[in-house]
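The values are calculated or read from the model by the stated rules, or taken from the named source; none is laboratory data. These numbers were taken from a predicted model, which means no experiment stands behind them. All Cβ positions, glycine included, derive from the backbone under ideal geometry; neighbour counts span all protein chains shown.
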Amino acid sequence: MKAYLSVFLLSAALTAYMWRDTFDPESVRGTRVLITGASSGIGEQMAYHYSKFGAQIIITARRLEALKKVAQKCVKLGAKKMMYMTGDMSDPADPERVVKYAVEKLGGLDFLVLNHVGNSNVEFWNRDADHVRSIMQVNFVSYVQMAGAALPVLEKSAGSIIVVSSLAGKLASPFVAPYTSTKFAMNGFFGALQNELAIQKSNVSVSIMILGLIDTESAMNKIRGFTTMTAYPASEAALSIIKAGATRQKEAFYPWFHYFTCLINNIFPFVKDLMLAGLSMEKKD
Ligand code: NDP
């Protein structure tokens with residue numbers, strides 16, 4: 001009994017140490033940041049936080065008017081420099097074009113925040129392989145293209161790549177097979193890149209952010225009728241992502257307890273099977 005208690009206390013102490021907040025907002029002041037998917041949702045909230053910390057920011061997405069509105073608010077919140085540009089990540093030419101523009105306008109780059117996500121329905125897989133191919137371009141290949149274009153510039157500034165991933169990239173999630181595939185691909189690619197950069201003693205960091213359900217309008221609209229899971233605030237999720245990048249964490253979780261969700265799933269995979277056994281739903285055609 002005593003031994004179990006000691007192991008528990010040691011694990012709790014190690015966990016608290018691992019997750020202590022070492023973020024210094026001053027470390028972000030004046031930094032040059034490119035945020036994708038910032039016309040709404042978590043990307044928009046990240047733009048507001050970076051603005052309050054006095055960063056120099058370029059935001060991108062497809063909708064010009066929405067970007068303009070976000071940019072206006074960023075200026076009011078204290079952004080040192082604020083610009084926006086449209087780009088469609090389903091167009092293979094746009095990821096590199098956007099990075100090139102940002103580097104030219106900001107004179108370099110400190111944080112590349114990859115956050116955009118294309119539209120995917122929440123439903124049983126409908127055997128549409130074309131959708132999987134196109135969503136791979138938006139959610140995954142464009143991330144790889146942007147990282148590739150930015151790496152030489154980030155080497156010069158000892159900068160960081162931040163990728164916004166999901167619990168759906170750790171646990172194969174039903175009803176979102178195409179989306180979950182893109183997030184698994186992202187975790188695999190950027191995990192491998194982290195290791196390659198470490199072997200090369202590179203000064204570029206890669207942070208992979210694993211998010212649970214977040215209360216953005218698009219997510220809430222999609223999951224209605226599929227889950228009663230609690231959704232966590234987009235503004236808090238956005239701040240956690242910024243902190244993970246600024247403190248150069250390799251992998252971070254918001255909410256924090258999803259670290260244990262993943263751990264338990266890996267150690268006891270049958271728990272998921274038990275949960276699925278309790279579900280039954282007919283496919284609608
Ligand atoms: P939103 O749907 O709110 O925002 C998506 C952003 O991506 C918008 O700014 C949208 O702008 C942009 N976008 C969509 N398609 C394209 C495209 N083809 N080219 C360029 N930009 C595009 O998403 P969230 O804020 O909810 O999600 C942000 C990130 O967090 C994503 O990576 C998502 O996977 C991840 N995440 C979210 C969770 C949640 O519950 N919300 C849970 C786990 C992870 P526009 O339409 O103007 O192009």
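Overview of results
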| quantity | calculated |
| --- | --- |
| Sole residue being in contact with a Phe, Trp or Tyr (Cβ under 9 Å, 6 or more places away or on another chain) and either of a type in the set (Gly, Ala, Ser) or outside any helix (DSSP H, G or I) (or both), chosen from Ala198, Ala219, Ala238 | Ala238 |
| Ser157 vs. criteria closer than 22 Å to Glu96 by Cβ, surrounded by fewer than 19 Cβ atoms within 10 Å (Cβ to Cβ), in contact (Cβ under 8 Å) with a residue 40 or more places away in the chain and in contact with a strand residue (DSSP E or B) (Cβ under 8 Å, 6 or more places away or on another chain) | yes |
| Selection count where residues are surrounded by fewer than 17 Cβ atoms within 10 Å (Cβ to Cβ), more than 14 Å from the ligand (Cβ to nearest atom) and without any contact (Cβ under 8 Å) to a residue 40 or more places away in the chain, scope the stretch 30-70 | 1 |
| Filter result for Ser205 (under 27 Å from Glu104 (Cα atoms) and in contact with an Asp or Glu (Cβ under 9 Å, 6 or more places away or on another chain)) | no |
| Check on Lys73, surrounded by fewer than 22 Cβ atoms within 10 Å (Cβ to Cβ) and closer than 18 Å to Ala238 by Cβ | yes |
| Filter pass, Ser207 being in a helix (DSSP H, G or I), more than 11 Å from the ligand (Cβ to nearest atom) and either under 26 Å from Val144 (Cα atoms) or free of Cβ contacts under 8 Å to residues at least 40 places away in the same chain (or both) | no |
| Leu154 vs. criteria at pLDDT 95 or above, away from the ligand (no atom under 13 Å from the Cβ), outside any loop (DSSP other than H, G, I, E, B) and within 19 Å of Val28 (Cβ to Cβ) | yes |
| Hits in the stretch 161-173 (condition: closer than 18 Å to Ile264 by Cα, over 10 Å from the mean Cα position of the chain (by Cα) and outside any helix (DSSP H, G or I)) | Lys170, Leu171, Ala172, Ser173 |
| Number of positions in the stretch 135-154 that are more than 17 Å from Asp88 (Cα to Cα) and surrounded by 23 or more Cβ atoms within 10 Å (Cβ to Cβ) | 2 |
| Residues located in the stretch 171-220, provided they are among the hydroxyl-bearing types (Ser, Thr, Tyr) and buried (at least 18 other Cβ atoms within 10 Å of the Cβ) | Tyr179, Thr180, Ser181, Thr182, Ser205, Ser207, Thr216 |
| Residue ID - nearest to Glu251 (Cα to Cα), chosen from residues in the stretch 181-214 that are in contact with a strand residue (DSSP E or B) (Cβ under 8 Å, 6 or more places away or on another chain) and among the β-branched types (Val, Ile, Thr) | Ile208 |
| Set Ser165, Ser173, Ser181: member being among the hydroxyl-bearing types (Ser, Thr, Tyr) and at pLDDT below 95 | Ser173 |
| Residues that are within 16 Å of the chain's Cα centre (by Cα) and of a type in the set (A, V, I, L, M), drawn from the stretch 30-71 | Val33, Leu34, Ile35, Ala38, Ile42, Met46, Ala47, Ile59, Ala61 |
| From Phe184, Phe111, Phe140, Phe124, residue being over 19 Å from the mean Cα position of the chain (by Cα), among the aromatic types (Phe, Trp, Tyr) and closer than 24 Å to Ile214 by Cα | Phe124 |
| Selection status of Val176, among the β-branched types (Val, Ile, Thr) and within 12 Å of Lys250 (Cβ to Cβ) | no |
